[in-house]
Amino acid sequence: MLNRRQLFQFAGVATVAGAGGAAWMYYGSGRFNGLAGGPFRHYPFDPVAAANFQQKLFIPVGSGPFGVLDVAGPLKIRATAASFPLLPGPKSQLPSPFLLYQTEQAGKAYQNPIFRIESGARFTASLDNALQEPTIIHWHGLHTPAAMDGHPASTIGPGGRYAYDFTVRNRGGTYWYHTHAHELTAEQAYHGLASFFLVEDDDQRSLSKALDLQLGVTDLPLVIQDKQFDAQGNLLYKPSAHEAMMGWLGDIVLANLTPNAVQTVTPRTYRLRLLNGSNARIYRLAFVKEKTALNFTVIGTDGGLIERPETVTEAFLAPGERLDVLFDAGQAQAGEGIFLRSLAFDAMENEGPAGGMSGMGGMGMGRMMASMSSSRLPLGLEFNVLKLSVTAGERVVAKLPATLSQVKPIRTEGAAQRKIELSMGQMRFLINGRSFRMDEIAFDVKRGAVEIWSISNPTLGMPHPMHNHGFSYQVLERIGSPPQVAAMARFGQGRTVSDLGWKDTVLVWPGETVRVALDFAHDFPGDQTYVFHCHNLEHEDAGMMINFRVQG
């Protein structure tokens, strides 16, 4: 167990002390009531109100919670129940129940460690399940043999152990790991079983040297999540039948488990490794000063660096996706604040782009369903994620290399074409008309084959972030995109900046078809069975997932 000092440092939950000595007020009802002298706009920790952003961002360093662990040998990982005080409150407040991974190396203890390892190195670990329910780890985005991937069939019961031993074949990049327990992924991940998996290589080192980047100082891993809490500040996860079908939404937004987070920056370039670790929420991210969206530079996506830096003002980020960006804080003056914000967008939940359906008094199905959610923060509402507070310092202008890495296009001449159709039936979402069955293979592909998958989402549906295990892909084209996506499509064939490079998760909007290329070359012995699923985790647990087999 962590001591209280570590816990409070981890969550960034020091009592707020601002001008006039404002302090947290806590009433006998057990409900947070805001800052003395500064009432919340809507509700405690409301992310819409900019004035709420006063909690110091937790930044992963060293050992301890989310400590950076440079892998140097076999590890013993223990999945266990613990507790964290995630929200600021009185000293008497009990920490929230939480799930985490524990491990040790060189006499140092880590909780949910950020693993850092060299491309080509061997990763060896055992997972001990100290939970009271089954679990397993999936290495999201990593190219591993199926037995090492964290397939739901590999789920181990309480007291069980699973051995991992694989070579990290991926190029440098920001990957992550999380539970993939059969029908328990959503709840376990929501309660904490997830962290980063950083892969280093020459391209990554060259970039860090060129921009003078240091992990934990100017290179910041940043996981974005939305969660709900009860009156005592405990994590709340109680999806209704409607929320289990649509996906669980929180209404308090956490950056590195810090609500209403603020980070002090100087006028220089920072690297933010953005991970959408939410169960179901999509973010439309922008850096905003007052009402102006500022430029930022995308340097990487799911599978590492893209070929060239691309400057944009906004990008969508779906559950499971990563976006590696550079932001020049020198675009603001000392004393000014910049917000990483999720801009408003049409959530398109069970409605067409027009946003309405007949017979409902002008109320779209999506808006009707939003009114049925327990979340006070509807999908598509504008809100803040993180405040960057600019302080005085030496102006440092980054000289960014014109070429970041090489992304060799998959050769698609003669590639087999495969249709992947998303749909809904009997109140659950389906892939090619199927719901997940552990022993059912939806289709076979041949080792070394190249295929083009056309992933189609019906107009009357909702957005689905589709994730592939085992093999990353390249996005070739978006067809029939809604206007809010088409407006960002300046990278050829309807693609947005989030589609560049190597991908393992792609957001498919209602009425849209996304074409991706996959190369199934590998050197693993025998047949390999992986899953393809929606990374809206409630959808995954409800069966929006299929097995595919790569024949050896």
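The values are calculated or read from the model by the stated rules, or taken from the named source; none is laboratory data. Everything quoted here is computed from the prediction, not taken from an experiment. All Cβ positions, glycine included, derive from the backbone under ideal geometry; neighbour counts span all protein chains shown.
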So which of G172, G159 is modelled with pLDDT of 95 or more, in the same structural domain as K76 (by TED's automatic domain parsing), of a type in the set (G, A, S) and on the phi > 0 side of the Ramachandran plot? G159
Among the residues of the range 258-276, are any within 27 Å of L377 (Cα to Cα), at pLDDT below 95, not assigned by TED's automatic domain parsing to the domain that holds I59 and not hydrophobic (A, V, I, L, M, F, W, C)? no
Considering only the range 424-441, state which residues are surrounded by 12 or more Cβ atoms within 10 Å (Cβ to Cβ), in contact with a Ser or Thr (Cβ under 9 Å, 6 or more places away or on another chain) and either under 16 Å from V531 (Cβ atoms) or at pLDDT 95 or above (or both). F429, L430, I431, N432, I441
The range 429-445, residues that are touching a strand residue (DSSP E or B) at 6+ places or on another chain (Cβ under 6 Å) and of a type in the set (F, W, Y): F436, F443
Does the range 442-454 contain at least one residue that is buried (at least 21 other Cβ atoms within 10 Å of the Cβ) and outside any strand (DSSP E or B)? no
Exactly one condition in (1) in contact (Cβ under 8 Å) with a residue 12 or more places away in the chain; (2) not in a loop (DSSP other than H, G, I, E, B) is false for P158; which is it? (2)
Qualifying residue in the range 475-488 (condition: in a loop (DSSP other than H, G, I, E, B) and either at pLDDT below 95 or closer than 19 Å to V445 by Cβ (or both)): no
How many residues does the range 68-119 hold that are among the hydroxyl-bearing types (S, T, Y) and over 22 Å from Q225 (Cα atoms)? 3
Which members of the range 308-340 meet the condition of being surrounded by fewer than 23 Cβ atoms within 10 Å (Cβ to Cβ) and under 21 Å from L507 (Cα atoms)? E310, T311, V312, T313, E314, A315
Conditions: (1) at pLDDT below 95; (2) buried (at least 16 other Cβ atoms within 10 Å of the Cβ); (3) not small (G, A, S). R395 meets all but one. Number of the miss? (2)
Name the single residue that is surrounded by the fewest Cβ atoms within 10 Å (Cβ to Cβ) among those in the range 163-177 being in contact with a Leu (Cβ under 9 Å, 6 or more places away or on another chain), assigned to a strand (DSSP E or B) and not polar (S, T, N, Q). A163
For the structure I just gave you, tell me whether D523 is out of contact with any Gly (no Cβ under 7 Å at 6 or more places or on another chain) and crowded, with 18+ Cβ neighbours inside 10 Å. no
Kindly indicate the residue of the range 509-537 that is more than 24 Å from the chain's Cα centre (by Cα), in a strand (DSSP E or B) and not acidic (D, E) and also farthest from A486 (Cα to Cα) among those meeting that condition. Q528
Checked the range 110-146 for anything under 22 Å from I441 (Cβ atoms) and in contact with a helix residue (DSSP H, G or I) (Cβ under 7 Å, 6 or more places away or on another chain); matches are I136
What number of residues within the range 47-70 are under 28 Å from Q111 (Cα atoms) and either touching a helix residue (DSSP H, G or I) at 6+ places or on another chain (Cβ under 9 Å) or outside any loop (DSSP other than H, G, I, E, B) (or both)? 9
